[in-house]
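Take a look at the structure below.
The values are calculated or read from the model by the stated rules, or taken from the named source; none is laboratory data. What you see is a predicted model, and the numbers here were worked out from it, not measured in a lab. Reconstructed Cβ throughout: ideal geometry from the backbone, glycine too, with neighbour counts over all protein chains shown. The accessibility values were calculated without ligands, DNA or RNA, using every heavy atom of the protein model including side chains. Shrake-Rupley method; radii C 1.70, N 1.55, O 1.52, S 1.80 Å.
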Amino acid sequence: MQYIGARQAVVTATPSRLAEPEPTGAELDAIEQELPLILAEVELLDAQITALDHIPCELDARRIRRARRRVLAARRALTNHTTGTAGGAA
């Protein structure tokens with residue numbers, strides 16, 4: 001009786017066989033820089049989903065408005081930060 005296990009290719013993915021490589025340090029820094037915007041967008045989405053569960057009241061409307069303002073503030077801060085660093089020394 002012959003065992004076929006020894007003739008099979010390895011099925012589990014090893015780090016060298018992964019299709020996507022690990023993120024670089026620059027990519028991780030970019031994600032960290034965008035994290036406040038990501039969290040604000042998640043908060044907005046959470047407020048909108050909560051309002052879908054029942055008849056929206058004034059508290060839901062305030063929560064959504066507040067979350068939208070946070071998203072806009074995070075976008076503004078991210079835009080100002082990226083434009084400020086990309087300009088270089090004048």
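Can you tell me the length gained on complete extension of the stretch Thr50 to Arg68, counting 0.36 nm per residue apart and subtracting the Cα distance? Write out the running numbers ahead of the final one.
Details: separation 18, 0.36 × 18 = 6.48 nm, distance 1.45 nm.
That pair, Thr50 and Arg68, stretches by 5.0 nm at full extension.
Would you mind getting me the FRET efficiency between Glu58 and Leu28? Use the beta-carbon distance for r and R0 = 35 Å, nearest 0.05. Provide the component values of the computation, followed by the final result.
Working: r = 41 Å, r/R0 = 1.17.
According to the calculation, E is roughly 0.30.
Once the other residues with Cβ under 15 Å from the Cβ of Ala73 are scored (Lys, Arg +1; Asp, Glu -1), what is the net sum? It would help to have the intermediate numbers written out before the result.
Details: positive: Arg65, Arg66, Arg68, Arg69, Arg70, Arg75, Arg76; negative: Glu34, Glu41, Glu43.
Neighbour charge sum, excluding Ala73 itself: +4.
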request  = Please give the per residue accessible area of the stretch 19-65, computed with a probe of 1.4 Å over protein heavy atoms only, in Å².
outcome  = 79 Å²
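How do the peptides 30-38, 64-72, 51-59 rank, highest first, by the average count of neighbouring beta carbon atoms within 10 Å per residue? Don't jump to the answer; show the numbers that get you there.
On the way: 30-38: 13.4, 64-72: 15.4, 51-59: 9.7.
Highest-to-lowest ranking by the protection proxy: 64-72, 30-38, 51-59.
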key: Charge sum, other residues only, whose C-beta stays under 14 Å from Glu58's C-beta, Lys/Arg counted +1 and Asp/Glu -1   = +3
